[in-house]
Every structure is written in C-alpha cells, then in structure tokens.
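The values are calculated or read from the model by the stated rules, or taken from the named source; none is laboratory data. Note that the coordinates shown come from a computational prediction; the quantities given were computed from them, not determined experimentally. Cβ coordinates were reconstructed from backbone atoms using ideal geometry, including for glycine residues, and neighbour counts include every protein chain displayed. Accessible surface is based on the protein model in full, side chains and every heavy atom, while ligands, DNA and RNA are left aside. Shrake-Rupley method; radii C 1.70, N 1.55, O 1.52, S 1.80 Å.
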Amino acid sequence: MKVYNTLSGRKEEFVPIEEGKVSMYVCGPTVYNLIHIGNARPMIVFDTVRRYLEHKGYDVNYVSNFTDVDDKIIKKALEEGVDPSVISERYIDECKKDMQMMNVRPATTHPKATEEIGGMIEMIKTLIDKGYAYPAADGTVYFRTRNFKGYGKLSHKNIDDLQSGMRALLVSGEDQKEDPLDFVLWKPKKEGEPFWESPWCEGRPGWHIECSVMSKKYLGEMIDIHAGGEDLIFPHHENEIAQSEAANGKPFSKYWMHNAFLNIDNKKMSKSLGNFKTVRDIAESYDLQILRFFMLSAHYRSPLNFSAPLMESAKNSLERIITCVSNLTYGIQNAKTEEMSEEEKALAEKAKEYITQFDNAMDDDFNTADAITAIFDLVKFINTNTTEQSSRAYLSALKDEIVMLTDICGLITEKQEESLDQQVEDLIEARQAARKSKDFAKADEIRDRLLQMGIVLEDTREGVKWHRA
Ligand code: AMP
Ligand code: ZN
C-alpha cells in the first residue's frame, strides 16, 4: 500500500511502526460555529482512510481533537454574554451530529484543548529546559525556532527565506522575540479571557502546542499518520514537528497526509464572499450521504469544487448504487432457488475481481475516485448478470460484496430499519392477498420467507401481528 507523504514529497510504501497497528492523529475543528463543508472534507477523507486500514486488518487508534480555546470562541462568548465553554460545548455537540449524519465514526478519543493544559505546561517546561524555548518579560513563552535544525522540512521551506518574509510581518509587541521566526507557546491573558495558572504568567496556550501534547498522550511520542487540510502544513504542522521532536528527541509522525481544499463555485469559500456553506445548510436539501459520496468522488489531494449541479449528479450516481443494492435485497427475498448453479459460481468468482480493482485503487494513496469507479463497474456487472431466476446464494454473495465496498467508503446503501419494517408490512399484505385468493402454497412461502428474515407472524382476531424472533 502506497501513501503520499508530504514530508518526503512522494508516495511511499506504508509500513506502520508496530506491525498490525496504526496510530493516527487528525487535527480537528475550532468549535465556534457550525462546521462548514470545507471542514467536512478532512473528516470524510480520513474516516475513509481509517475504514480502509481496518478493512486491511489494522487495529487503528484514531485521535482527533476539538480546539475549544481560541480568539474566535472568546469573541463569540463575549457577544452572547456567556462563558466560552458554553460556545465550545454547543458546537462540539453540533459537530458530532453532523459527523453522524455524514456517517463519520467518532474517533477513538476526541480530546479537548482545555482539558489538556497541564500536559501543555509540562511540554513547554521541557522545551525551556532543553533550550528550545524562552519566556519573555511579560510571561509570553516563545519557541526558539532556529535551534530546531529540521525547521521547514515538512513545508519544504528554507529557514532563511522564511526569515526575510517574517521580518516584513513583524507586528508591535513582537519585538521581545529573539528572532522573528520564533512562535508562541504560551501567552498572557487579556481582560475577560479564560486563563490558567502557569510558571510564566496567568494565560493560555498558543494553538500549535495542543496537538503535540494530545498526540503524545493518546498515541505516544512516535505516531504513524498525522493528517489535516493542506492549509495546516505551514505553520501549524511545521511547528508541531518542531515542538514534538525538540521535546521528545524522536521523529514525530512517520507519514503526513494533507487533503486539498474544497472550493465553492470555483471560488475560495469565505465568509466575506458570502459563499460560505455549513454542513447543516446542505442537510436541508440533501441526505448527507450524498455529500460524503461527492467528497469521495475526487482524490483527496485534488482540489474539489462544490456546486449545485455537481451535487445533483452525485445524488443520481449514489442512487444507482442504492437501487442496485435494493434490487438485490428484493431478489434475495423472492428467489425461487437456494443454491448457486455452476454458472453462478463462476460469475460470483468473477465478481471478486472488482474487490481487487477497488483495493488496488485504495492501495494507491487512497484513490477513492477510482475505487468508486470499481463499485460502478460492479453495479454494471450485477445489473447484467442477475435475473429473476438467480439463486438466493448468488444474489446474497453479490450483495455482501457491494455492501462491503460501499461500507469501506462509509456510504450507507442498504435501506435502514424503518424500510425493513415497510418490507415486512408489504410481505404480510402479499400473504393476506394470497390467502384471500386461496393460494395457500404462496401464503406459506411468504411466511417462511419472513421467518428467514427473523420475523414471526401471529394470526390474531385483530389481524396479523408480527415480531422479531
Ligand atoms: P479549522 O477549524 O479551520 O482549524 O479547520 C479544521 C479542518 O478543516 C482543518 O484540517 C482544515 O485544514 C480543514 N479545512 C478548512 N477549510 C477547508 C476547505 N475549504 N477545504 C478543505 N479542508 C478545509
Ligand atoms: Zn493540529
């Protein structure tokens, strides 16, 4: 399996640190608002990476944080006259609802920055002890960037080019830095802001330190995959590497994965352009499975454009897969023969080639676009090679295969519980009709069919009742 590693700038064979296990850290959202469809891209992409790794047999420990202390959260809290935790808790809950609707599985652990301040202070102390950080007169602690020899290795930037860029950007109050490249690890509180005690001043952490600390606590000093959107490469991930490697004296993450940006109508999505869409906005018009399908229809390292016509086309495409699965379900319920014929055995074997096609695509740096093509090729195969005469075993084998592949993509293609109820009601109605027309053989057949679905019928005076066995 090959993974594109931002660190080396090329695709590399994926070999985890510990055989059979993968530790993965994905930078999560800052929770001051409903998440937008751009934030949904890394969630969907890396949830799919996780599912595929699990499909390959890895035991995946997946950590994704919530940044719950930040200027934007504090600003919103002041506007509403509430504690910042009211804002962050509200949007963590809303984010979890969106994740569920997109079928993004909860992480193994979702740490919150405000609950890890002690660990951050410890890491900052270590960095000071090792000469990689220093407190300024007002209690701000800075990372001494030039002391970390590998600085720039992730973003492939030269430290001297960075330096000349930074000089122009020097803002007031920053003159206490030893070097313009130094970045903040801890900063003094401002009036009305939440703060924590520390050896340097009452204050709060800089943004980058939280991820170094949380990934170490929940995954260890060396991890397999660190991921996020490409805007995080510099400075966030570059700074995380500097902090973690300086503090731990070990390489931090083996692979760095970054998704490209999602644009909207071919423009950058931003609040000022007024073209900003939340996941909740989309949920008003579409099942979020369609948003998920849309995101996976492109490779994660390609920019993706969101537009209404593209969502419509995603809707139609997903519908084709869902129809195929529901036809199989119907066929299984109504099959006239049980066992596979010799010809069907050969066809079922041939259908497995689509699993290989799917796996090959995913093994090539998680190429979900090509993996979805493999699913459509399988749909075509199923539509061409099944008839009303197909056996139950054959249809079941095909259904298991297509559901397995869509499941790896996190796409729900099987009708859910309510529709199962509907199917049961329909079958009961068909049985009543058969009895009325004195076709008792057919009525019995339907009863047996329901039994196989785990449904027990009871003929009562009030009519037919059913329950699960
Ligand atoms: P933030 O809350 O801004 O820290 O973003 C959370 C995650 O969403 C990060 O991994 C970002 O890189 C990612 N992200 C933000 N905007 C976009 C976008 N338009 N397209 C893709 N990913 C994005
Ligand atoms: Zn991070």
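For Ile264, the residues 5 or more places off, or on other chains, whose built amide H falls under 5 Å of its own are Met269, Phe306. Taking each DSSP H run with n ≥ 4 as -39500 (n - 2.57) and averaging over every residue of the chain yields -15500 deg cm²/dmol at 222 nm. Structure note, pairs Lys157/Lys271; Lys21/Lys216; Lys350/Lys380; Lys112/Lys216; Lys112/Lys217; Lys2/Lys157: Cα-Cα distances above 18 angstrom occur for Lys157/Lys271; Lys2/Lys157. Accessible surface calculations at 1.4 Å, restricted to protein heavy atoms, place segment 138-247 at 43 Å² per residue. Taking the square roots of five times each eigenvalue of the Cα gyration tensor of segment 307-408, the equivalent ellipsoid has semi-axes of 26, 17, 9 Å, listed largest first. The H on the amide N of Ser253, modeled in the peptide plane, is under 5 Å from the matching H of Ile223, each at least 5 residues off or on a different chain. Computed over segment 74-157, the Cα gyration tensor eigenvalues convert (square root of 5λ each) into semi-axes of 33, 21, 13 Å, ordered from largest to smallest.
Each DSSP beta bridge with both residues in the chain is either parallel or antiparallel, and the antiparallel ones are about 50%.
The slack in the chain from Leu310 to Asp400, taken as 0.36 nm per residue of separation less the alpha-carbon distance, amounts to 29.5 nm.
Take segment 422-468 with all the other protein chains still there, run a 1.4 Å probe, and you get 70 Å² of accessible area per residue. Contact order, relative form, for segment 307-408: 43 percent (alpha carbon pairs under 8 Å, 6 or more residues apart, mean separation divided by residue count).
So what is Rg over Rh here for segment 231-333, counting just Cα atoms and using Kirkwood for Rh? So for segment 231-333, dividing Rg by the Kirkwood Rh gives 1.15. In order along segment 133-150, the phi-based Karplus estimate (6.51 cos²θ - 1.76 cosθ + 1.60, θ = phi - 60°) of 3J(HN,Hα) comes to 8, 8, x, 8, 4, 7, x, 5, 10, 10, 8, 8, 4, 5, 6, 8, 5, x Hz; Gly and Pro are listed as x. For the chain, the extents of the C-alpha atoms along the principal axes are 94, 49, 40 Å, listed from largest to smallest. Give the distance, in whole Å, between the Cα centre of segment 12-59 and the Cα centre of segment 256-296. Centre-to-centre (Cα) distance: 18 Å.
Taking every C-alpha pair closer than 8 Å and separated by at least 6 residues, the mean separation divided by the residue count of segment 11-152 gives a relative contact order of 23 percent. When peptides 459-467, 67-75, 340-348 are sorted by average Cβ neighbour count within 10 Å, with the highest value leading, the order is 67-75, 340-348, 459-467. Hey, any idea what % of the chain's accessible area is carbon plus sulfur with a 1.4 Å probe? Whole-percent figure for carbon plus sulfur exposure: 50. Around the amide H of Tyr142, modelled in the peptide plane, lie the amide H atoms of Tyr134, Ala136, Leu185, all under 5 Å away and 5 or more residues distant in sequence or on another chain.
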